[in-house]
């Protein structure tokens, strides 16, 4: 038990933070909210204070990621709309037609689970586990680095206090990061129209999902009947979900690559030391800005740049294939090209929430070489057909590479030659190789 007359350094630091949070040390609550990347309104301020106090009283080293979910939902629930019976009937019909249209242009596996229609809040619940998986390595790096640097930079008389409260500082730093992530995901929930809208597979095992409220906002101003909008977006989402169910290796490969990239991110200790040396509790915006704009994440190493290039190629191939298949399946829609252009513009510009996520984890999810990938898939389709095209997804070793995006003609020529070779009469070399694989004894005389 702690002796009230002889408080530990952690107790002293905890009391100091409580004084700061209660305003005794002159901290403007609005500025503290700004440090967490939150809007300066009474509800957000009350939630921030409550969650920071909870972090101070919590035990253990783990970040309470439930705070990220709560923060996201607090944003999404403002103006959230339920899925109406009319929307459900109309979009379910769109999914049915979309499935028939896709069957004409691709052989990828159909879905086992029925597509879902979800609200913004349901989208958050379903996708937050993956966002946390991607962000957690960076959150831990920042929390640990901040604790170490502040301990080193503190005046001699405060070093014992800060060192004794290192776990507490990690918890509070983790809380601020979790709330920033929640703010980003909450904003994304108001923008995305589907499970595959951000390019990565947010749902497990080929689950397709649409967000009707955001679909309606997508269609505003396009001067296109909503039944066409429903059909186009249903085709895109089914194509995306089917691809990940068809290529069973793809989701694990992609998520593992992103997670490995996140774990490889370091923190710019020099920049953090500068911030710590000049840190003013009454003016925390500089620390917030450094976290929000990615200033604490140093330039990528050569290994990270190579990993990023591979990720961007993979994301571009996924989105390019979806574009080509969607275009072929929706050629019956009079305004399909206008909707495709809208999707391209949204994808190219991203949004504030997506930019914030890029700075939080140091990774942009928008593929840079999407147009080249779409051109490549279209050329492959014309050369060898949809069935052979889709067979390339059966194994990662068969997939086009960045070099193929640079020189699509060479890949198309190679695939065309292979397709012709499958029906040609095997030559002497082919027969010798087949005999070898079949274990034939070449010392035996040929009959």
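If you check 319, 372 for being more than 27 Å from residue 138 (Cα to Cα), part of a helix (DSSP H, G or I) and at pLDDT 90 or above, only one passes: 372.
Each row is one residue, and each column tells you yes or no for (1) crowded, with 19+ Cβ neighbours inside 10 Å; (2) modelled with pLDDT under 90; (3) in a helix (DSSP H, G or I); (4) under 22 Å from the mean Cα position of the chain (by Cα).
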| position | (1), (2), (3), (4) |
| --- | --- |
| 253 | no, yes, yes, yes |
| 265 | yes, yes, no, yes |
| 271 | no, yes, yes, no |
| 331 | no, no, no, no |
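Looking only at residues of the stretch 146-203 that are under 15 Å from residue 63 (Cα atoms) and at pLDDT 85 or above, we find that the one that is farthest from the chain's Cα centre (by Cα) is 182.
Looking at 219, 277, just one residue is at pLDDT 70 or above and in contact with a helix residue (DSSP H, G or I) (Cβ under 9 Å, 6 or more places away or on another chain), and that residue is 219. Out of 227, 260, 197, one residue alone is assigned by TED's automatic domain parsing to the domain that holds residue 344 and either on the phi > 0 side of the Ramachandran plot or assigned to a loop (DSSP other than H, G, I, E, B) (or both). It is 197.
Looking across the stretch 204-221, the residues that are surrounded by fewer than 15 Cβ atoms within 10 Å (Cβ to Cβ) and either under 16 Å from residue 94 (Cβ atoms) or more than 21 Å from the chain's Cα centre (by Cα) (or both) come down to 217, 220, 221.
The values are calculated or read from the model by the stated rules, or taken from the named source; none is laboratory data. Here the structure is a predicted model, which is why all the values come from computation and not from measurement. Here Cβ is always computed from backbone atoms with ideal geometry, including for glycine, and neighbour counts include all displayed protein chains.
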